[in-house]
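Asks: The structure's right below; bear with me while I get my questions together.
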Amino acid sequence: MYLFPQQGASKNDIVFTTSGELLQVKVTKVTDGTISFVYPGETVVNEINPAKLEKIVFASGRTQNFGGNAGEVIIAKENQDDTSGFMEETPVVPTYEENKVSIVPLDFKRNGKYDKALANKATEYVIGLMSGKANTQGVQVLEMGKAIERLVDSGFSYGKLRQSSPEQLRDALGTEYILFVSIKEGEKNGNPESDLIAQEVSNNSTQLERTINIRLYGADSEVESFEMDFSENVFLNASTDNSSLLTSGKWKSSLRYLTEQLFTSNVFPDSDAN
């Protein structure tokens with residue numbers, strides 16, 4: 001037995017399952033293999049196979065049947081004057097901007113401590129790199145100012161930002177793609193006793209270790225579409241101001257290389273269209 005809500009009591013979509021359940025939700029995406037929806041007051045996206053559905057009654061009054069009548073769309077009587085003859089499904093508008101990338105503010109740690117100034121500088125650099133490449137492949141990049149504004153409006157602190165899932169950040173930033181980049185730089189003093197040559201080098205230099213991780217997430221996925229790690233060791237002369245080398249932007253060439261690898265991976269499905 002189905003329980004129908006009173007007319008006008010809800011603006012939600014109503015999903016009827018083959019097992020007799022009635023779900024009052026907001027449908028966000030309809031494909032041949034998946035129906036995506038969220039419950040009122042929640043942000044978690046749920047999915048269900050269309051084979052398990054009988055029909056969906058959208059808040060607009062439109063009805064889409066599944067099963068034996070898959071793909072059939074019925075227009076509510078009160079809407080027939082404006083939609084006469086309309087028998088095709090109207091696509092559900094995504095909750096994010098398609099073909100757009102948000103760069104999450106970088107996590108830049110130097111000698112184990114977060115460096116805000118370097119993080120901001122590196123974030124701006126990555127946005128510049130991405131924008132130059134993306135414009136030639138049908139993808140746009142969210143401006144840094146807008147990204148920060150949306151994160152602040154959604155209540156994201158630095159701690160929350162690092163603990164949030166791609167899905168949570170997509171809800172806040174409103175873009176199809178989410179890009180994470182982290183950089184770690186640190187000095188490492190070595191003194192290998194078994195190698196006299198290495199020991200002599202170590203006595204006159206400091207080793208700088210740099211690791212960079214880049215991850216891209218697409219829509220409706222908690223698994224990265226692209227991930228790459230990069231690491232390098234640089235020996236700094238003892239007579240050189242090591243602190244200036246740490247802040248000199250030597251990481252830029254590494255970021256440029258990783259960005260090029262991202263775009264040559266064909267991870268953006270529409271990139272071949274341009």
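The values are calculated or read from the model by the stated rules, or taken from the named source; none is laboratory data. Bear in mind the structure is a predicted one, so any value in this text is a computation, not a measurement. Here Cβ is always computed from backbone atoms with ideal geometry, including for glycine, and neighbour counts include all displayed protein chains.
Asks: Just one of the numbered conditions (1) surrounded by 14 or more Cβ atoms within 10 Å (Cβ to Cβ); (2) over 29 Å from the mean Cα position of the chain (by Cα); (3) modelled with pLDDT of 75 or more is not true of ILE74; which one?
Replies: ILE74 satisfies all of (1) surrounded by 14 or more Cβ atoms within 10 Å (Cβ to Cβ); (2) over 29 Å from the mean Cα position of the chain (by Cα); (3) modelled with pLDDT of 75 or more except (3).
Asks: Being in contact with a helix residue (DSSP H, G or I) (Cβ under 7 Å, 6 or more places away or on another chain), modelled with pLDDT of 65 or more, farther than 30 Å from GLU149 by Cβ and aliphatic (A, V, I, L, M) is true for just one of LEU216, LEU173, LEU236. Which residue is that? Before the answer, list the steps.
Replies: Working: LEU216 fails: farther than 30 Å from GLU149 by Cβ; LEU173 fails: farther than 30 Å from GLU149 by Cβ.
The unique qualifying residue is LEU236.
Asks: Tell me, yes or no, whether segment 192-202 has at least one residue that is hydrophobic (A, V, I, L, M, F, W, C), farther than 30 Å from THR28 by Cβ and either in a loop (DSSP other than H, G, I, E, B) or at pLDDT 55 or above (or both).
Replies: no
Asks: Which residues, taken from segment 95-149, are closer than 29 Å to LYS188 by Cβ, aromatic (Phe, Trp, Tyr) and surrounded by fewer than 21 Cβ atoms within 10 Å (Cβ to Cβ)?
Replies: Correct list: TYR114, TYR125.
Asks: Would you check which residues across segment 8-47 are among the aromatic types (Phe, Trp, Tyr) and either within 15 Å of PHE58 (Cβ to Cβ) or not in a loop (DSSP other than H, G, I, E, B) (or both) and list them? Please lay out each step first, then the result.
Replies: Quick first cut of segment 8-47, residues among the aromatic types (Phe, Trp, Tyr) only: 16, 37, 39.
Result: PHE16, PHE37.
Asks: Shifting gears a bit: Quickly run through segment 143-178 and pick out the residues that are touching an Asp or Glu at 6+ places or on another chain (Cβ under 8 Å) and outside any helix (DSSP H, G or I).
Replies: Answer for segment 143-178, where residues must be touching an Asp or Glu at 6+ places or on another chain (Cβ under 8 Å) and outside any helix (DSSP H, G or I): SER154, SER165, GLY174, THR175, GLU176.
Asks: Mind counting the residues in segment 239-274 that are modelled with pLDDT under 60 and of a type outside the set (S, T, N, Q)? Outline the logic, then answer.
Replies: Step one: filter segment 239-274 for residues modelled with pLDDT under 60, giving 239-248, 270-274.
Next cut, of a type outside the set (S, T, N, Q) only: 241, 245-246, 270, 272-273.
Qualifying residue count for the region: 6.
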